[in-house]
Amino acid sequence: MISNTLFLLLEKLTKQELQHLADYLQSPYFNKEEEVYRLYAFLHEKIEKYKETAQIFFDKKIIAKGLFPQLESKKSIRKTATLLKKLEQLTLSFIIQQKREENKAEEANLLLEGLNDRHINEVWLKVWKNTAAEKNMTLGNIDAFRQHYLRSQNWHEFAILDHKLKTDTKLENIIGDFETYFVVQMLEYACAALNKQQKTGERQDIAMLSAVLQHIEKANLGEKYPLIAAYKNFVLLFQTQSVAYFEDLWQVLRENISHFQKSELNALYITAINFAIIQYLKGNTPFNDYILNLYEQMLNNNILVTNHYLSHQHFKNILTIALHLDKIAWVKQFVEKYGEQLPPEIRDDMTLFSKASIAFYEKKYEEAQHLVWKVNEFNFTYHLNKELLLLKTFYLCRNVYLESKLESFRSYLRTNKQLSTNVKQEYENFYKTLKKLLQLREKYFFLKNDSNKLAKLKPQVEKLLNRLENQEKIADKKWLCEQTELLLKEF
């Protein structure tokens, strides 16, 4: 039996984190069993060597044979099962420890709380003064507001217990900081709810939102805290769809980019980009120019870079959007400049796929076909992207092997177990529509000189277009509609 949870945990840790986990497991304070570390070393070696296929080595029988060859089979498997459970728990504890160490403000508050519990007042005051920088930190993410409030709470609780010093409890501070934390947290959840409403059409009733917005204006919280200003503009943007609020939001992001933490910046920018894309798809053209401008800001400030690399998902999203906006020159420069920032193991394939996509949009279909054939897809998503591009080039070049290629694609969809039901349905509908369109086009060319028969064929093409326009779950719907409309114009 394979330990899926442990594999998922170790697979997602970076090389540096895996090394830190090794140090963590070798510390007698955290782990007192040497065999747990031996188990980790065995699994770490497999992950380093076999990457995502290393999961097969997380089987109890394989591990037992590798670690305890001298023991009887059942006994070694039982022992391995126990060690796997312990390693899983220690890995989870390590992740908690990592998060705690990343957040200095939280560490300081936990220390103050622990000292207060033990009534070590002199040390408490020393730590309070030494961590004063945490109080004046830039409130660059929502958790910073929470830590700011907890620091006020720590002072309040210390002052209540400190009968000797008779310090001021500063009740007004804790109320004010809690109020500000509540406001920013409320705004974040309101944005999430309104974003959902925009995507699904389901009305989201958000109690107290209007009161919160009024309080922000009355207390000038937007001027004091850039993060509150950003979220306030998001709420107003979702409510009104006004480009004026988008401009205000963009200004807040540009002027305060150094004040926000990277994770918060990423969330803010991606939400803004997604909103602009939805408006673009609705035909709301004033939002078009913002999309690439926002991405450029993210790229220039390394917001999209994780562990020194630009993820292929972000790279592909930017590529696709820029091509849809017909920014060919811009996207060529983007691929040239940022292709080098992709992870080394996928860099060449992602660059080839990008160049194939650009060639397709430039209507250099044979060149696109030649380039995409060279791509070694590194996951099933890119296999679908590659196959879709090939099918489209085959259709446009009138490749005689298109029908065979369609059947091969259909077989892949039916046998692939990794595809979700929705994704499978979208691509199966693409297959069915393209196959029907191909049949109608072949009939058109066969009957081209027979006006009577062509007159009977035209309603079939119109029926296909009408059905396609009303279909929801289908991949590359826009392209299929365009090709169907082009065929109609031939009549």
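Points worth noting:
- Out of THR80, THR138, sole residue that is outside the structural domain of LYS60 (by TED's automatic domain parsing) and modelled with pLDDT under 90: THR138
- Whichever residue in segment 374-390 is closer than 19 Å to LEU406 by Cα and polar (S, T, N, Q) and, among such residues, is surrounded by the most Cβ atoms within 10 Å (Cβ to Cβ): ASN385
- All conditions but one from (1) in contact with a helix residue (DSSP H, G or I) (Cβ under 9 Å, 6 or more places away or on another chain); (2) in contact (Cβ under 8 Å) with a residue 12 or more places away in the chain; (3) surrounded by fewer than 12 Cβ atoms within 10 Å (Cβ to Cβ) apply to LEU371; the one that does not is (3).
- Here LYS99 clears all of (1) touching a Ser or Thr at 6+ places or on another chain (Cβ under 8 Å); (2) modelled with pLDDT under 90 except the condition numbered (1).
- So ASN399, is it on the phi < 0 side of the Ramachandran plot, out of contact with any helix residue (DSSP H, G or I) (no Cβ under 7 Å at 6 or more places or on another chain) and not in a helix (DSSP H, G or I): yes
- Among the residues of segment 260-278, those identified as assigned to a helix (DSSP H, G or I), closer than 22 Å to ILE228 by Cβ and hydrophobic (A, V, I, L, M, F, W, C) are LEU265, ALA267, LEU268, ILE270, ALA272, ILE273, PHE275, ALA276.
- When LYS456 is tested against the conditions (1) surrounded by 13 or more Cβ atoms within 10 Å (Cβ to Cβ); (2) in a helix (DSSP H, G or I), the lone failure is (1).
- From ALA475, ALA455, residue being assigned by TED's automatic domain parsing to the domain that holds SER420 and farther than 30 Å from HIS383 by Cα: ALA455
- Residue within segment 391-399 that is surrounded by fewer than 16 Cβ atoms within 10 Å (Cβ to Cβ) and either modelled with pLDDT of 90 or more or assigned by TED's automatic domain parsing to the domain that holds MET350 (or both) present: yes
- Number of positions in segment 412-453 that are of a type in the set (Lys, Arg) and surrounded by 15 or more Cβ atoms within 10 Å (Cβ to Cβ): 5
- Residue among ILE228, ILE206 that alone is hydrophobic (A, V, I, L, M, F, W, C) and part of a loop (DSSP other than H, G, I, E, B): ILE206
The values are calculated or read from the model by the stated rules, or taken from the named source; none is laboratory data. Because the structure is a prediction, the values reported are computed rather than measured. Don't worry about glycine lacking a Cβ; one is built from the backbone with ideal geometry, like all the others, and counts go over all protein chains shown.
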